[in-house]
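Presented below is the structure to which this report refers.
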Amino acid sequence: MNSRVVVTGLGVVGRLGFEWQDFWAALLAGQSAIVPWQPENIEDFPVRYAAPVDNAQFASYFSAQLSAQPPMERRSQFGLMAAHQAMNDAGLLGKTGLNMGVAVGSGIPERYTPDMLLAMGDGGPDWQTLYAKREQLNPAMRSGNDQLAALIARAHGANGPVQNFSTACAGAAHAIGSSFRMIRNGEVNCMIAGGADSVLNLMTMVGLNLLGAPSVSEDYGDKLCRPFDEGRSGFVAAEGGAFVVLESLDHALARGAHIYGEVVGFGSSMDAYRVTAPHPEGKGAALSMHKALVDAGLDADNINYINAHGTSTPLNDTAETFAIKTVFAKDQHYQKLAVSATKSQIGHWIAAAGAPEFIATLLATQQGIVPPTLNLENPDPLCDLDYVPHKARAVTINAALSNSFGFGGLNTSLVVKPYKEDRHG
Amino acid sequence: MIKTESKKAPVFVEQGSVYCSAGNNVSSLWQALANGQQNLTALPCPAYDAWPWSQVFLVEEPGASELGVDRKILRTMEKQAKMALYGAALAVQQVETLANKSISSAKKGLYLALPTVDESVPPWSLLETLHEVSATPTQPIELSSSEFLQREIPAFFGLSTLNSNACAHISACFDLTGAMGAYSPFADAAFQALIDATGAVAQGENSAALVGGVSPKVNPQLLLQYEHWGWDKLSARIPAEGSSFVVLTANKNPDAVCVSGFARGFIASSVEAPEIYQQLLAQALANANVTAADIDWFLPFATGGKDIQALFALGAKESLPILSSESCMGFSGAAGPLINLNLALHGLQQQKYLVNTHNNINAQENAGALRHVALSAAGPEGQYLVVILSREVI
């Protein structure tokens, strides 16, 4: 027998706040996290805007928790604190014997340039010099990219599966989807799932910029992230961590947990198209949404809201629109959908993106209010859905989808519903 | 206690590919292990002279013709992505299921275990340029120049440092569009991939799935990481390169070996390790509806042999053959558990097994009735996973 899976804890750490309530209030108020940005010590970097976490505020807010931690990557700091917030919100901090696991979406390891400069000898760089100075290497950079998953597991006494997903921008959504499946199948009672990422370091941003992925436009200032708009020109990079606590319904009810909503479906797919571009008709994206609906046992017309991947890149937004119109073609249901792109407000959290967007989807479903797509001033004619422009809107939601599509055509979709005692009620 | 619900339908596993220093098929590897052939190579540059490992297990870097891709595509891939794609190509050639046109592309999945990307950051070429052009290469002002960085960093650096790009290449080459997952970075990731793939096939989400693992490229940064974990002090942790794949299917295959049980968990401290090894082994056995005494062969990977006693404590036969392949063929990270899985499938098919000898270089081959084989994999952070394979009685 399959267990029902509910969400009982939320944690978001990003530029819009360090508590999920602040994050959600900012989304509904139409606030943007995007600000002028340059990498440290550089003034002429082509990428001019990003959504960085404020270092001083972060350090101050979490000083008590961070001081007890070993050295770790920046993304791990965000993730560990977000997981802490989620466990606290779920009322599970300090609880033992939970039969709980951890699943994390992580991206490209952070690049600490001074580490490699240790290789510089009199005759040029050489490995022997680096080896001789290995004790000076940043220890945070020498562990694997499952560091965050293990840190969370240790911090919260998890003894169940500990997974680290590497599916690019779909990573955190994959982590949530896998966790949902493990609880539904009875493998564990409880999972801490989500992701954390920080690409706002010099080497990673140079690499992304050389691929033409982030926007280098200065035309729109802090309104640069404009999914589905004709003026969109690339994603706006951001950083942060977000986690949820998922539980079997029985486990949650037995301990009297507050329930935010229910996860009912997960789908994944691949484009099998190009490494650098999504399928232009969104075939993989459509398949991912379709699989999630099948997994949830829902017809397409049960969906009222989609939190789109909506990256503000020229290719994604038309492909995703095409995919939505394909999946929701029957009776032109796509015309009745509310679709919004949270990235217009928080930027692109890359491997972690699926987690804050899942939380936004869940809260929209619970509260019946959909966060907006900002900066949609001149919709692309090929993007002709209702993207909830500019302002949050009240919408009655029976079920909602959250999409996350990774670089190279790695796609995931999650389906959530408001929690009702009788699932079919 | 971790509990696992029985799977809904049997999931069969077919022998796929092995690409390692011993060759590019499982028979070659098996023979090399039985003969004690170790294809060790001196570390590839003199700069390694003082490093803890003088010899490692390397593979040739596959080229465009072996990979069946345009040469331009190679610029987007580091060696590990090439090893992954090559291993996938060998598996697709070996197993007809993935080429079966009656299964739609949307029902063919991909589950990969990937290391963290092995490229130097900044790229080594950039450091060399810094030495040539910079007045103070250890504190170079050029690293504050956007123009310098955009010029000196390779155009596809953002792709070649993204480990998941192996998924994109494999899915595109073999038209796999079904459900997928990619896990990283160590040996445990291989069985995370296998277990999730098994679930997806069991529940009908995929009809078939390609499951693979790939090692990191042997490079100085990797060796520094291995030293960080203390693996330079373990004789069985000689770095090795390679990849390995199997194919899962809902259709009964001629060998009729299924993934009959599994369990996975996390060991936060060495104090609790013995108890958790036992719990998870017991769970996997119960999941497979067998006892420890039913296990005919055990292949642990990256556990340091610490789970062997746990299996005996659960009642395994005293004569249980055990193969720790890493002591013979090196430590191939996320590829290792799937190499072991292919060895187990070969053994189940041929009704023979390999067992470590005292010298730990070669493995002794014996004939024996094999029905149930247990395999394990561990990650250095504390992940521990067990998989049970069972051969149907025909």
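Per-residue answers, yes or no, for (1) within 14 Å of chain A (Cβ to nearest Cβ); (2) in contact (Cβ under 8 Å) with a residue 60 or more places away in the chain; (3) over 16 Å from the mean Cα position of the chain (by Cα):
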{"residue": "B:A302", "(1), (2), (3)": "yes, yes, no"}
{"residue": "B:I322", "(1), (2), (3)": "no, no, yes"}
{"residue": "B:A363", "(1), (2), (3)": "no, yes, yes"}
{"residue": "B:H372", "(1), (2), (3)": "no, yes, yes"}
{"residue": "B:E392", "(1), (2), (3)": "no, yes, yes"}
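Given the structure, is A:G123 surrounded by fewer than 19 Cβ atoms within 10 Å (Cβ to Cβ), within 13 Å of another protein chain (Cβ to nearest Cβ) and over 24 Å from A:N201 (Cβ atoms)?
yes
Taking the condition away from every other protein chain (no Cβ under 14 Å), open to solvent by 20 Å² or more (accessible area, probe 1.4 Å) and in a loop (DSSP other than H, G, I, E, B), does A:L298 pass? The answer is yes for A:L298.
Is it the case that some residue within region A:152-159 is more than 9 Å from every other protein chain (Cβ to nearest Cβ), closer than 30 Å to B:F156 by Cβ, out of contact with any Gly (no Cβ under 6 Å at 6 or more places or on another chain) and buried (at least 24 other Cβ atoms within 10 Å of the Cβ)? No, every residue in region A:152-159 fails to be more than 9 Å from every other protein chain (Cβ to nearest Cβ), closer than 30 Å to B:F156 by Cβ, out of contact with any Gly (no Cβ under 6 Å at 6 or more places or on another chain) and buried (at least 24 other Cβ atoms within 10 Å of the Cβ). Are any of the residues in region A:81-95 in contact (Cβ under 8 Å) with a residue 60 or more places away in the chain, in contact with a Ser or Thr (Cβ under 6 Å, 6 or more places away or on another chain), closer than 30 Å to B:A182 by Cα and in a loop (DSSP other than H, G, I, E, B)? Yes, the conditions are met somewhere in region A:81-95. Could you please let me know if B:S104 is more than 14 Å from every other protein chain (Cβ to nearest Cβ) and more than 30 Å from A:E43 (Cα to Cα)? So B:S104 does not fit the description; no. For A:I176, the conditions (1) out of contact with any helix residue (DSSP H, G or I) (no Cβ under 7 Å at 6 or more places or on another chain); (2) more than 9 Å from chain B (Cβ to nearest Cβ) all hold with the exception of (1). Scanning region A:209-226 for residues that are crowded, with 23+ Cβ neighbours inside 10 Å, away from chain B (no Cβ under 14 Å) and in contact with a Gly (Cβ under 8 Å, 6 or more places away or on another chain) gives A:S215, A:C225.
Every condition in (1) in contact with a strand residue (DSSP E or B) (Cβ under 7 Å, 6 or more places away or on another chain); (2) farther than 22 Å from B:Q192 by Cβ; (3) hydrophobic (A, V, I, L, M, F, W, C) holds for A:I183 except the one numbered (2). Of the residues in region B:239-255, at least one is within 30 Å of B:V95 (Cα to Cα), buried (at least 20 other Cβ atoms within 10 Å of the Cβ), in contact with a Leu (Cβ under 7 Å, 6 or more places away or on another chain) and among the charged types (D, E, K, R). For region B:276-286, taking the residues that are more than 10 Å from chain A (Cβ to nearest Cβ) and out of contact with any helix residue (DSSP H, G or I) (no Cβ under 7 Å at 6 or more places or on another chain), the one that is surrounded by the most Cβ atoms within 10 Å (Cβ to Cβ) is identified as B:A284. For region A:132-146, the condition of being within 9 Å of chain B (Cβ to nearest Cβ), among the basic types (K, R) and touching a residue at least 24 places away in the same chain (Cβ under 8 Å) holds for none of the residues. Determine if region A:397-411 includes at least one residue that is of a type in the set (S, T, Y), at pLDDT 95 or above, crowded, with 18+ Cβ neighbours inside 10 Å and under 19 Å from the mean Cα position of the chain (by Cα). Within region A:397-411, one or more residues are of a type in the set (S, T, Y), at pLDDT 95 or above, crowded, with 18+ Cβ neighbours inside 10 Å and under 19 Å from the mean Cα position of the chain (by Cα). Condition test on A:N164, is it within 9 Å of chain B (Cβ to nearest Cβ) and in contact with a Pro (Cβ under 9 Å, 6 or more places away or on another chain)? Yes: the conditions hold for A:N164. Within region B:249-272, take every residue that is modelled with pLDDT under 95 and within 14 Å of another protein chain (Cβ to nearest Cβ) and give me the one that is nearest to A:S179 (Cα to Cα). Result: B:A268. Residues in region A:179-208 that are in a helix (DSSP H, G or I), within 19 Å of A:D250 (Cβ to Cβ) and more than 7 Å from chain B (Cβ to nearest Cβ): A:S179, A:F180, A:M182, A:I183, A:R184. Among the residues of region A:21-53, those that are open to solvent by less than 30 Å² (accessible area, probe 1.4 Å), closer than 26 Å to A:M87 by Cα and outside any loop (DSSP other than H, G, I, E, B) comprise A:F23, A:W24, A:A26, A:L27, A:A51. All conditions but one from (1) closer than 30 Å to A:L118 by Cα; (2) part of a loop (DSSP other than H, G, I, E, B); (3) polar (S, T, N, Q) apply to A:S233; the one that does not is (1). Among the residues examined, A:I42 does not qualify as touching a residue at least 24 places away in the same chain (Cβ under 8 Å) and either under 21 Å from A:A355 (Cβ atoms) or of a type in the set (S, T, N, Q) (or both).
Do we have B:W30 as buried (at least 16 other Cβ atoms within 10 Å of the Cβ), farther than 30 Å from B:E205 by Cα and over 20 Å from the mean Cα position of the chain (by Cα) here? No: the conditions fail for B:W30.
Take B:A106 and tell me if it is surrounded by fewer than 18 Cβ atoms within 10 Å (Cβ to Cβ) and at pLDDT 95 or above. Against the criterion (surrounded by fewer than 18 Cβ atoms within 10 Å (Cβ to Cβ) and at pLDDT 95 or above), B:A106 does not qualify. If you go through region A:105-120 and keep only what is open to solvent by 30 Å² or more (accessible area, probe 1.4 Å) and either among the acidic types (D, E) or in contact with an Asp or Glu (Cβ under 9 Å, 6 or more places away or on another chain) (or both), you end up with just A:Y112. Filtered by the rule that a residue be touching a Phe, Trp or Tyr at 6+ places or on another chain (Cβ under 7 Å) and open to solvent by less than 10 Å² (accessible area, probe 1.4 Å), region B:129-163 gives a lone residue, B:S146.
Exactly one residue among A:A59, A:A68, A:A119, A:A140 is at pLDDT 95 or above and among the hydrophobic types (A, V, I, L, M, F, W, C), and that residue is A:A59.
The values are calculated or read from the model by the stated rules, or taken from the named source; none is laboratory data. Because the structure is predicted, anything quoted here is derived from the model rather than measured. Cβ: placed from backbone, ideal geometry, glycine included. Neighbour counts: every protein chain shown. Please note that ligands, DNA and RNA were not included when accessible areas were found on the heavy atoms of the full protein model with its side chains. Shrake-Rupley method; radii C 1.70, N 1.55, O 1.52, S 1.80 Å.
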